[in-house]
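Peer 1: The following block contains the structure, expressed as C-alpha cells.
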Amino acid sequence: MRQGQTCLLVNDQVEVIAGKDKGRVGKILKIDKQSSRVIVERINMIKRHTKPADASQPGQIVEKEASIHASNLMLICPECAKTVRIGKKILEDGSKVRACKSCGATIETAKK
C-alpha cells in the first residue's frame, strides 16, 4: 500500500495489533489520509492540560484520543468476527467493494 492510502473507513471496527494498546478494539472516528493516521475511539488516550478561558472557568486536564498509524490497525470482519486483511472485489454491476480475504464476504461500512 502506498503512502497516504488506507483501506479503512470511518465507523469501521478495528483492533490494534502493535503498541501500548495492542489487542484493544475500537471504532474509527477520523482518518487523515495524508499521513496515514487514524483516530480510534478510546484508543491511545492522552491528557491535555488547558488553561482557564477566563476567571470563572478553572484550568483542567482533558483526556482525548491521539492518532495512531494505520499500519498498527487491522479491520475486524463483521461476518467471520476476526481480524482480516482486506481485498478489492468488482461486482456484476461494475462497482468496487472491499472484501474479506479470509471468508470472501463484502465489507460495508456501518452507518452512524
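Peer 1: Going by what's in this entry, would residue 61 be described as farther than 19 Å from residue 107 by Cβ, exposed (fewer than 13 other Cβ atoms within 10 Å of the Cβ) and at pLDDT 95 or above?
Peer 2: Yes; evaluated as a whole, the condition is true for this residue.
Peer 1: Does residue 39 qualify as being of a type in the set (Val, Ile, Thr), out of contact with any Ser or Thr (no Cβ under 9 Å at 6 or more places or on another chain) and buried (at least 17 other Cβ atoms within 10 Å of the Cβ)?
Peer 2: no
Peer 1: One residue is enough: does segment 49-62 have a residue meeting the conditions under 18 Å from residue 9 (Cβ atoms) and among the basic types (Lys, Arg)?
Peer 2: no
Peer 1: Write out, first by first residue and then by second, each pair whose Cβ atoms fall under 6 Å of each other, whose residues are 6+ apart or on separate chains, and whose first residue, in segment 14-25, is touching a residue at least 40 places away in the same chain (Cβ under 8 Å) and closer than 16 Å to residue 84 by Cβ while the second is exposed (fewer than 13 other Cβ atoms within 10 Å of the Cβ) and not aliphatic (A, V, I, L, M).
Peer 2: These pairs meet every condition: 16/22.
One line per residue, one yes/no per condition, for (1) surrounded by 10 or more Cβ atoms within 10 Å (Cβ to Cβ); (2) at pLDDT 90 or above:
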site: 47; (1), (2): no, yes
site: 55; (1), (2): no, no
site: 83; (1), (2): yes, yes
site: 92; (1), (2): no, yes
site: 101; (1), (2): yes, yes
site: 105; (1), (2): yes, yes
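Peer 1: Quick check, is residue 67 within 25 Å of residue 21 (Cβ to Cβ) and either out of contact with any strand residue (DSSP E or B) (no Cβ under 7 Å at 6 or more places or on another chain) or aliphatic (A, V, I, L, M) (or both)?
Peer 2: no
Peer 1: Look at segment 39-54 and say how many of its residues are closer than 14 Å to residue 19 by Cα and under 12 Å from the mean Cα position of the chain (by Cα).
Peer 2: Here the count works out to 3.
Peer 1: Okay, moving on. In segment 6-33, which residue that is buried (at least 17 other Cβ atoms within 10 Å of the Cβ) and at pLDDT below 95 is nearest to residue 79 (Cα to Cα)?
Peer 2: 8
The values are calculated or read from the model by the stated rules, or taken from the named source; none is laboratory data. Treat the numbers as computed from the prediction; the structure is a model and nothing was measured. Backbone-built Cβ (ideal geometry, glycine too); neighbour counts: all protein chains shown.
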